[in-house]
Amino acid sequence: MLEITRVYKTYDNVKKALIDVSLSVKAGDLYGFIGHNGAGKTTLLKSIAGVLAFDKGEILVDGRSVVDEPLRVKHDIAYIPDNPNVYESMTGNQYVDFIANIYGIDPDARRQRIGEYATMFEISDVLHDTIASYSRGMKQKLVITGALIREPKLLMLDEPFVGLDPKASFLLKQVFDKLRARGTAIFFSTHVLDVAEKLCNRIAIIKHGQIVAAGTTKEVIKDTSLEGVFMELLDNHERLS
Amino acid sequence: MNAYRNLVRVFVRDTFSLKRLLGFDAKHAKVKAMVIGLALIYAIVALFGTIGWMFFDLSRALEAMGQGSLVMVFLGVYIVVIALVMALLRANGMVFHYKDYDFLAALPVTTRTIVAAKLTIFMMLVMVMSVLLALPVAFAYFYHAGVSMVGLLFVLVGVLALPVLPALVGAFIALGLARLLVRYRSAHVLNILVMFGVLIGFFLASFSFGDMGENPLLAQQAFMETLERVYPFFVWFSRAVAEGAVVPMLGVVMGAVVPIGLFLWCASPLVSAVNRLARSGVKKSRKSGYHGRVSSPFVALVHKEYRKFISTPIYALNVGVGPILMAVMAIAAVFYREGVVSMLEGLIGMDGALEATVLLVVGFTLSMVYSAAISLSLEGKYFWVVRSLPIRGATLMQAKMVFNLLLGVPISILSVWLFAWSFGIPLINVVFMTLLVMAFAVLKTSLDAIINLYMPKFNFQNDVEVVKQSVGAFLGVFGGFALMVMNALGFVGLTTVVSAPLALALLSLANGVLSVPLIVYINRRSDALIYQMKST
C-alpha cells in the first residue's frame, strides 16, 4: 500500500531531516513509526501526504507516485496532523461538509458516516458551533471524523493519542481494528512506546532522520521490551555517529 | 515596571521585525527583498507626493489669506481621524482579544501591565502613521510660513501626542462593542456592519463640505474652522506651532498623558472579560447532529473563502470597503446628481468626460478588492488542509479568484449602470464601460493571484498582519491603482483618435488579452509553486 524508497529531505540546505528512508506498509498493517522529538517522523508523514516536498527518493501509495499523481494519491489517503488546526471560522458541520464536498461523497453516505463517527466521538452536539470554541481534543476528534468519512486506503496519523481523552483513545483503537479488517493500512507516529508495542503489527524506529530498525513488532522487540530496544538502538546509533 | 519593559521588548521584536513584515527571511531571498524595497520606496514617494502637493497648494492659499496656521489644524484633524479609524479597526486583536492571551494570562503579571504593553505597541504603530502623514504636511507648512526650531519641535511633539486620545477613544469603543457582542455567535457580522457604518460616515462627512475645486482640501476649510472651535487640541496645536507658545503645547501633551492612565484604569477589567468570554462565553447552538449541503468541490472552495471573509472583520472591512463605497456613491448619484458629479470631479481632478470619471471611481474602488492577493496567505496554519486535499493548486487559486470577482464585479456593474442612468450616459458607452470593468477586474484579480503565489505570508499571529501589512496586500492595492492609471491614460490617448465607445472597446480587449497569459500561467504553475511553499 505504501512504499517509501530512499527518501531524503533537508531543510534550508542545512538540517537533514530524512536520510535514505525506506519503508513498506501493506494493506491491513497497523504500522507504528517511533522516534524522539525532531527525529523526522512528522517530516515523513507530511511528505507522504503531499503537504511537504522532499528532495530525493520515491513514495508510492497503492503503486502511484505522490509526486507524479498527487491528486489520485490524495484521494486514497487521509492525513491527520499532530496539531489539529482547522478553519476556526467554520462550524464543525461546515468543516465535515467541506471535506465531503471535496471528496465527492454522496449525501446518504456522508450523512451515515458523519453521524456514525460524530456520535462515536461525542461531537454531535457541538457540530453547529464554530471550531474556534472547540478544545484541542474536540478539534482532533473533528479532524479524525473528517478523515474517516473518506474511507481512505491509507490512514496516516501524527501522534494521534496526544490530546485525546481515554475514552476517545479507546474508541480510536477500536476504529483502527475495524479499518484493518477492511484492509485499510494505518501508519502513525508516536513516542508512546507502550501504545506502539500493544497495537502495532509492524514498527519502525527513526533516529536523526535515519531508520535504525524496522519490521514486525516481534522481530524488532525480540525477547525484550520496545522501550529497551528503543533505548539500546539510540545509544548504539549515538556511539556510531 | 520591569515586567512592562520586558513585555514591550518582546512585543516590539515580534511586531516590527523585518521577517514579520515581509513574511520571509530577506537574507535568503535578496532579489525578492530588493523588488519589495523598490515597491515600498515607490509607494512612499507616491504618498508623500500626493499629500505634499495638496498641502503645498493649501498652505500657499491659506498663507495668502493670513490663515497659515490652519494647516496645522488640517494636520491635527487628519491625525485624529487616522488614529480613530486605526483604533476601531485594529484595537481588537492588538489591545485586547489578542492571540497570545493564554500564554500572557498565565504569567505572574497584572492585566493592567499586559494591556499597557499591548497599548504601547499599538500607539507606536499609530504614531508611525502620524509621522508619515506629518512629514509632507510640515514641509509644505514651513516652506510657506518659514522655519523655526521651536515650531519644528512642537510639530514633532504634537504629532506624537495628538493621536493618543482618539486612539484611546477608538479602542474603548471597539472594546465596548466587543464586550456587547462577544457572546453572540454572529458577533463578527454585527461588528463588520457597525464598522462599515462608521467608515462610510467618515467618508461622507469628509466630502460633504461644498464644491470642490482642483484641490479637495480647500473645500474643507470651513469644516476645519468649525472643528477648531469644537476640539480645543487643534487650536492649541496650531497656536503652539505658529507662535511657539509653550502653554498650549503643554495642553496638547496633557491631553495625551492623562487619558492613558484613565484608559488603563477603566479598560483593563473589560479587556480581561472580553478575552475570557471570547474563549468560553460564546453562546452554543441549540441544533445537534449533522445537517449538510452538497456542492461541487469548486463551489465548496469558494464557500470556504466566503466564510473566511464574513468571519474576519478586518478582512471584510479592508477588502469590502471599496464596493460598499462605490454602491453608496452610485445610489447617492441617483438622488443627488449634481452633488455627486461635483464630488467625483473633485476627487478625480478632472471634469467633462463623465464616462472617464465614473470608470476611474469604479476602477479605484475595484482596486481596493484585493482578496486574491492575500487569501492564500490567510490559509496560514490551516494551509495543511488544502495541501492534503485532492485538489489542484490551480483549482484552489481559481476559487480564490472567483470569490474576488464575485466580491467586486456585480456591485461594480450595478454601480456603472446606476451612474450611467443618473448622468445620462449613452447606452452604447455603458455597455462598453461594463465590458471594460469586467475585463479590468479579471486582469487585476489574475495579477493579485500571481502576487500571492510568489509572496505568501504564512507566519502570522493575527490576520491583520496579512490583510494590512503584508507585501501581497500592498502590491495588490497599488498594483490595481497602477493598472487603473494605465487604463485612464489609454482612454485619454485613444479618445484623441477614435470615438469614446471604440476606445472603451479597445481597452476592454487589451485588458482581456493581457489576462489570458496570466490565467494560463496560474493554471500551469500553481501546483508546483504551492507544493514548494514553506508554511508554518
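Taking other C-beta atoms within 10 angstrom as a stand-in for reagent exposure, A:Thr217, B:Thr445, A:Thr130, B:Thr50 fall in the order B:Thr50, A:Thr217, A:Thr130, B:Thr445, fewest first. Its relative contact order, with pairs defined as Cα atoms under 8 Å and 6+ residues apart, puts the range A:74-184 at 42 percent.
Paramagnetic label reach from A:Glu232 (point 7 Å along Cα→Cβ; backbone nitrogen cut-off under 15 Å): within the range A:194-209, residues A:205.
The length gained on full extension between B:Val246 and B:Ile331, counted as 0.36 nm times the residue separation minus their Cα-Cα distance, comes to 25.7 nm.
What FRET efficiency do you get for A:Ser24 and B:Ser295 if R0 is 35 Å and r is their Cβ-Cβ distance, rounded to the nearest 0.05? Between A:Ser24 and B:Ser295 the formula returns 0.35. With each label modelled as a point 7 angstrom along the Cα→C-beta vector, the B:Lys32-A:Ser169 pair spans 4.1 nm.
Computed over the protein assembly as shown, the Cα gyration tensor eigenvalues convert (square root of 5λ each) into semi-axes of 53, 32, 24 Å, ordered from largest to smallest. Just so you know, the averaged projected area of the alpha carbon convex hull for the range B:284-440 sits at 12.5 nm². Shielding by partners for peptide A:127-135, expressed as the average number of C-beta atoms from other protein chains within 10 Å of each residue's C-beta, is 5. Averaged over peptide A:101-112, the number of partner chain Cβ atoms lying within 10 Å of each residue's Cβ comes to 4. Dividing the summed -39500 (n - 2.57) terms of all DSSP H runs of n ≥ 4 by the residue count of chain A sets its mean residue ellipticity at 222 nm at -12000 deg cm²/dmol. The shape of chain B comes out oblate: with a ≥ b ≥ c from the C-alpha gyration tensor, a/c is at least 1.5 while a/b does not beat b/c.
Calculated mean residue ellipticity, 222 nm, chain B: -26500 deg cm²/dmol, from DSSP H runs (n ≥ 4) at -39500 (n - 2.57) each, averaged per residue and rounded to 500. Shown is the FRET efficiency for A:Arg72 and B:Lys534, computed with R0 = 25 Å from the Cβ-Cβ distance and rounded to the nearest 0.05: 0.50. Along its principal axes, the range B:436-523 has C-alpha extents of 53, 25, 15 angstrom, given from the largest down.
Ordered by the number of other Cβ atoms lying within 10 Å of each residue's own Cβ, fewest first, B:Met368, B:Met455 fall into the sequence B:Met368, B:Met455.
Out of the trypsin sites (Lys or Arg not before Pro) in the range A:83-120, which ones are loop residues according to DSSP with at most 10 other C-beta atoms within 10 Å? Answer by residue number: there is no such site.
Where the centre of each part is set by its Cα atoms, how far does the range A:7-86 sit from the range A:155-222, in angstrom? About 15 Å separates the Cα centre of the range A:7-86 from the one of the range A:155-222.
In terms of other Cβ atoms within 10 Å, B:Asp527, A:Asp177 run from fewest to most in the order A:Asp177, B:Asp527. Between B:Leu40 and B:Leu277, the modelled label-to-label distance comes to 3.9 nm, taking each label 7 Å out from Cα in the direction of the beta carbon.
Working ranking of peptides B:382-392, A:41-51 by packing, defined as the average number of other Cβ atoms within 10 Å per residue, highest first, is A:41-51, B:382-392. The label point for B:Val81 and the one for B:Leu18, both projected 7 Å from the Cα toward the Cβ, are 3.5 nm apart. Which helices, taking whole DSSP H runs in chain B, have alpha carbons extending 20 angstrom or more along the helix axis plus mean Kyte-Doolittle at least 0.0? Passing helices, by number: B:30-64, B:70-94, B:111-145, B:164-181, B:187-206, B:246-280, B:297-311, B:313-335, B:393-423, B:427-454, B:471-494, B:500-532. Using C-alpha pairs under 8 Å with a sequence gap of at least 6, the mean separation divided by the residue count of chain B gives a relative contact order of 17 percent.
Take each residue of peptide B:311-322, count the partner chain Cβ atoms within 10 Å of its Cβ, and average: the result is 1. Centre-to-centre, using Cα atoms only, the range B:56-73 and the range B:152-172 are separated by 22 Å.
No value in this document is a laboratory result; all are computed from the given coordinates. The structure displayed is predicted, hence computed values, not measured ones. Here the Cβ is made from the backbone with ideal geometry for all residues, glycine too, and neighbour counts use every protein chain on show.
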